[in-house]
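Colleague: Quick one: this structure, given as structure tokens, is what I'll be asking you about.
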Amino acid sequence: MGTGARTRRTIITLGAVALALTSIGVPAPVAEAASRTWTGAVDGVWSTVGNWSGGAIQSGDDLVFPTGPTRTTSTNDLAPGTTIGSLTIDASGYSLFGNAVTVAGPISSTSSDGRSTSAIPTTLAGPGGPVSVASGGTLELSGAIDGTQGLTLSGGGTLELTSTGNSYTGATTIDAGVLQADGTVPTAVVLGGGTLAGSGTLAGAGISSTAPSTLDPGPLGGPGILTYTNATSPTMPTDSTFHVDLDGTTPGTGYDRLDLTNPSATFNPNGSTLAVELGYIPSVGASFQIVSQTSSSPITGRFAGLSQFGSFTVGPATFSIGYFNSGVILTVTAVNQVTATWDGGGASSTWSDAANWVGDVAPLAGSDLLFPAGAARLSNVNDLAAGFDVASIDIASAGYSLSGNAIDLIGDVAATHTTGTSTIALDVNLPSTRAFDVAAGATLVVSGSIAGATAGVSKTSPGTLQITGPGAGSYTGSTAVGAGVLDVDGSITSSSQVDVASGGTLAGSGTVPDVNVVSAGQLAPDLLSTGDLTMAAGADLLVRLDGTVAGTQYSQAAVTGTADIAGATLSISTGFTPSAGDTFTIVVNDGIDTVTGTFAGLPEGAAFSAGSLFRISYTGGTGNDVVLTAIAGTSTTVSSSALAAVAGQPVTLTATVASTDGPVTGSVEFFDGTTSLGTAVLGAGFASTAPARRRP
């Protein structure tokens with residue numbers, strides 16, 4: 001062997017055989033990182049080998065949380081600080097808890113809807129700390145994040161940082177999507193084309209940009225206060241936008257504000273663009289301090305085109321802007337709110353045609369729009385710029401159809417006619433929750449989309465609001481049915497939940513999120529798909545039975561999640577006579593979870609009459625569905641042991657009860673006129689009694 005080479009000989013004895021092995025310095029094999037895919041087949045902890053496809057987790061492995069697992073909630077019980085190569089979440093609805101991890105590579109959420117949460121403390125070890133969230137999806141990191149790397153957001157979705165214990169030291173970069181800082185952002189922010197929003201704390205030194213971006217204090221689309229604590233004065237990048245929502249006069253709950261709490265820091269607008277979104281009609285004199293600071297130095301920079309005490313108009317409101325030592329203040333100087341009344345007298349059907357409006361004046365931004373009875377033309381088209389501000393809409397006659405470009409609705413919608421149907425076929429953007437008020441006897445169809453990052457829909461008055469079309473709703477707030485009927489034949493799954501109050505009814509054949517029906521509220525599905533379904537005691541499930549086909553002929557609620565009907569009332573209307581053995585699956589319950597509770601007075605297996613006879617089961621279908629089965633009636637004959645009644649002669653009366661639906665149980669009471677002769681329990685379809693002898 002060459003100079004410096006060393007050979008070691010090892011003798012291993014196996015029984016009488018000796019093997020001589022020569023080692024030439026080859027290192028021991030090292031396990032390569034692998035991909036482990038969560039199944040959750042056994043339990044909810046990471047150390048259980050059977051919970052992973054690919055075997056037990058090894059240091060450096062890539063972890064994948066896919067669509068369709070047995071469990072979406074899991075706990076990391078591995079040693080604190082265990083290193084994983086990357087973390088990928090491919091579906092919404094995941095909740096990750098447990099011990100801290102070190103992530104050497106990217107964190108990715110690929111779902112384009114819904115949200116997932118990781119509460120696991122995380123050390124970022126990958127260069128740049130890449131986090132990708134798919135457009136339309138939301139990933140919340142509520143565990144504290146540390147490490148010497150930065151955090152870089154891409155993908156177009158929303159990343160929520162909610163921990164106040166974040167302490168990573170690299171830059172925070174937003175290349176795409178929304179970083180919602182509801183916790184602490186510990187380092188300087190670089191805007192690379194996305195949006196920085198939230199109601200948390202910016203502790204880093206300043207804000208810069210590499211591409212046009214947006215700073216939006218508070219949650220996206222709603223009011224809040226974002227706090228800046230660093231001594232370095234924040235200077236808005238010139239190519240960026242400072243966005244504020246004005247929904248009221250109280251900072252944080254009514255409008256957005258950026259608070260600078262360090263007296264050494266002074267805000268500089270630096271020629272950036274001020275974008276104001278008006279969510280209500282303010283009063284003259286109302287003021288909004290959109291930037292607050294404790295510095296004794298005046299603000300010398302300006303927003304683009306807005307000098308000291310310059311004015312600008314949003315919808316019906318005109319504002320004056322002031323730059324002071326204390327911050328930036330907007331004051332309402334005028335409100336030009338008018339009602340534009342449609343008469344349809346023009347040669348076209350467009351909103352821009354002044355001849356279509358009373359007084360031959362087309363609506364201005366922020367106008368109330370009235371569509372009265374007697375108009376020459378009922379169908380009309382909004383050809384004004386998309387996003388045109390409308391204070392409110394009042395449709396006072398049936399037959400109207402509003403279509404065309406999208407509007408931004410500052411106020412509410414009312415259908416005040418008392419018969420017939422009117423339609424809103426254009427898209428409606430809501431800055432916050434808005435009422436859709438439909439008078440008794442009227443139907444308002446909304447076939448365009450309803451959108452709003454934090455908006456909700458409130459259905460009021462006794463009429464019917466019908467939401468139709470695929471993807472009809474993309475608002476994220478709650479849906480409240482306070483009165484009348486909400487008929488969903490489209491999809492409003494982006495809404496957080498549907499609450500049905502006493503006197504309200506949720507109906508339709510569409511798709512809705514979690515549903516909560518209180519006492520005296522009603523659920524009247526055709527073929528309605530829900531998330532979790534909770535029906536309180538006294539709530540009504542209205543089921544129609546007109547045939548054996550779900551949806552078109554009988555009512556069905558398809559539940560994805562949990563179903564709780566404890567004490568609710570089942571009300572059935574029948575429009576045909578079912579045959580014995582016909583089944584009706586009125587609640588389809590996904591997965592393996594059982595239905596919680598039973599309908600009032602209807603325990604498992606109970607028989608009842610509702611036009612025909614039915615038996616109910618809560619373990620039907622795939623084992624956890626609510627199924628009604630039509631059963632046959634019974635026929636009863638009575639015989640006597642004696643051919644003739646003779647005074648003093650003993651007699652035995654026997655009732656024979658038959659049914660084609662199987663064995664009959666219960667009891668039979670025998671009468672002579674109105675006098676009871678006795679009661680006997682049925683056995684194998686027979687019940688007998690021997691009345692006391694009558695004396696001669």
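Colleague: Along the Cα→Cβ direction, 7 angstrom out, place labels at residue 667 and residue 576. What is the inter-label distance in nm?
Modeller: The answer from the label model is 4.0 nm.
Colleague: Would you be so kind as to identify which of 675, 456, 466 lies farthest towards the positive end of the dipole of the chain, taking Lys and Arg as +1 and Asp and Glu as -1 on Cβ and the Cα centre as origin?
Modeller: After comparing all options, I get 675.
Colleague: Compute, for the range 23-167, the length of the dipole vector about the Cα centre, with Cβ point charges of +1 (Lys, Arg) and -1 (Asp, Glu) only. Units Debye, rounded to 20.
Modeller: Working: 3 positive and 10 negative charges, 5 e Å.
For the range 23-167, the charge dipole is close to 20 debye.
Colleague: So how much slack lies between residue 405 and residue 264, counting 0.36 nm per residue of separation and subtracting their Cα-Cα distance, in nm?
Modeller: Details: separation 141, 0.36 × 141 = 50.76 nm, distance 4.73 nm.
Separation in residues times 0.36 nm, less the Cα-Cα distance, equals 46.0 nm.
Colleague: Mind running the shape call on the range 364-512? Use the C-alpha gyration tensor, a ≥ b ≥ c as the square roots of the eigenvalues: rounded below 1.5 for a/c, prolate if a/b tops b/c, oblate otherwise.
Modeller: On the way: a/c = 1.66, a/b = 1.20, b/c = 1.39.
Since a/c reaches 1.5 but b/c is at least a/b, the shape of the range 364-512 is classed as oblate.
Colleague: Let me ask something else about it. Could you give the distance between the Cα centres of the range 168-226 and the range 416-475, to the whole Å?
Modeller: 34
Colleague: Which FRET efficiency value, to the nearest 0.05, do you get for residue 639 and residue 609 by plugging their Cβ-Cβ distance into 1/(1 + (r/R0)^6) with R0 = 35 Å? Write out the running numbers ahead of the final one.
Modeller: Details: r = 27 Å, r/R0 = 0.77.
For R0 = 35 Å, the calculated efficiency reads 0.80.
Colleague: For residue 385 and residue 566 in the same chain, what is the full-extension length gain: residue separation times 0.36 nm, less their Cα-Cα distance, in nm? Write out the running numbers ahead of the final one.
Modeller: Values: separation 181, 0.36 × 181 = 65.16 nm, distance 5.08 nm.
Length difference between fully extended and current span is 60.1 nm.
Colleague: When only Cα pairs under 8 Å and 6 or more residues apart are kept, what is the percent relative contact order across the range 367-473? Kindly include the intermediate steps, with their values, before the conclusion.
Modeller: Details: 306 pairs, mean separation 22.1, N = 107.
Taking the mean separation of contacting Cα pairs over the length of the range 367-473, I get 21 percent.
Colleague: Once you order the gyration tensor axes a ≥ b ≥ c over the Cα atoms, which shape class does the range 461-518 get: rounded for a/c under 1.5, otherwise prolate or oblate by comparing a/b with b/c? Provide the component values of the computation, followed by the final result.
Modeller: Working: a/c = 1.96, a/b = 1.32, b/c = 1.49.
Taking the square roots of the gyration eigenvalues as a ≥ b ≥ c, the range 461-518 is oblate.
Colleague: Sorting check: for 310-318, 296-304, which peptide has the highest mean count of neighbouring beta carbons within 10 Å, and how do the rest follow? Intermediate results must be reported in sequence, preceding the final value.
Modeller: Working: 310-318: 18.6, 296-304: 14.9.
Packing order, densest peptide first, comes out as 310-318, 296-304.
Colleague: Using amide H atoms built in the peptide plane, which far-off residues or other-chain residues are under 5 Å from residue 324 H to H?
Modeller: Under 5 Å from the amide H of residue 324: 299, 329.
Colleague: Give me the percent relative contact order of the range 176-224, please, defined on Cα pairs under 8 angstrom at least 6 residues apart. Show your work: numbers first, answer last.
Modeller: Numbers: 115 pairs, mean separation 18.4, N = 49.
It rounds to 37 percent for the range 176-224.
Colleague: OK, next. Over the chain, what is the relative contact order in percent, taking alpha-carbon pairs closer than 8 angstrom and at least six residues apart? Don't jump to the answer; show the numbers that get you there.
Modeller: Numbers: 2220 pairs, mean separation 25.7, N = 696.
Averaging sequence separation for qualifying contacts and normalising by length gives 4 percent for the chain.
Colleague: Give me the net charge for the shell around residue 245: Cβ to Cβ below 10 angstrom, other residues only, Lys and Arg +1, Asp and Glu -1. Please report the intermediate quantities before stating the final value.
Modeller: Values: positive: none; negative: 216, 247, 256, 277.
Summing Lys and Arg as +1 and Asp and Glu as -1 gives -4.
Colleague: Just going by the charge dipole of the range 209-302, with Lys and Arg at +1 and Asp and Glu at -1 on Cβ, which of 286, 300, 241 is farthest out on the positive end?
Modeller: The residue sitting most towards the positive pole is 300.
Colleague: Charges at C-beta only: +1 for Lys and Arg, -1 for Asp and Glu. How large is the resulting dipole of the chain about its Cα centre, in Debye rounded to 20? Please report the intermediate quantities before stating the final value.
Modeller: Working: 16 positive and 47 negative charges, 325 e Å.
Its charge dipole is roughly 1560 debye.
Colleague: Decide, for the chain, between rounded, prolate and oblate: order the square roots of the alpha carbon gyration tensor eigenvalues as a ≥ b ≥ c, take rounded if a/c falls under 1.5, and otherwise choose prolate if a/b is larger than b/c, else oblate.
Modeller: Details: a/c = 3.06, a/b = 1.26, b/c = 2.43.
Cα axes put the chain in the oblate bin.
Colleague: Highest mean first, how do 605-612, 86-93 rank when packing is the count of other Cβ atoms within 10 Å averaged over residues? Mind dumping the intermediate values first?
Modeller: Working: 605-612: 13.4, 86-93: 19.6.
Going by the mean number of other Cβ atoms within 10 Å, highest first, we get 86-93, 605-612.
Colleague: Given the peptides 71-81, 517-527, arrange them by the average over their residues of other C-beta atoms within 10 Å, most packed first.
Modeller: Working: 71-81: 15.9, 517-527: 20.9.
So the order, starting with the most tightly packed, is 517-527, 71-81.
Values quoted throughout were computed directly from the atomic coordinates according to the rules given, and no laboratory measurement underlies them. In this text, all values refer to a predicted model and were calculated from it rather than measured experimentally. Cβ atoms come from the backbone with ideal geometry, glycine included; neighbour counts cover every protein chain shown.
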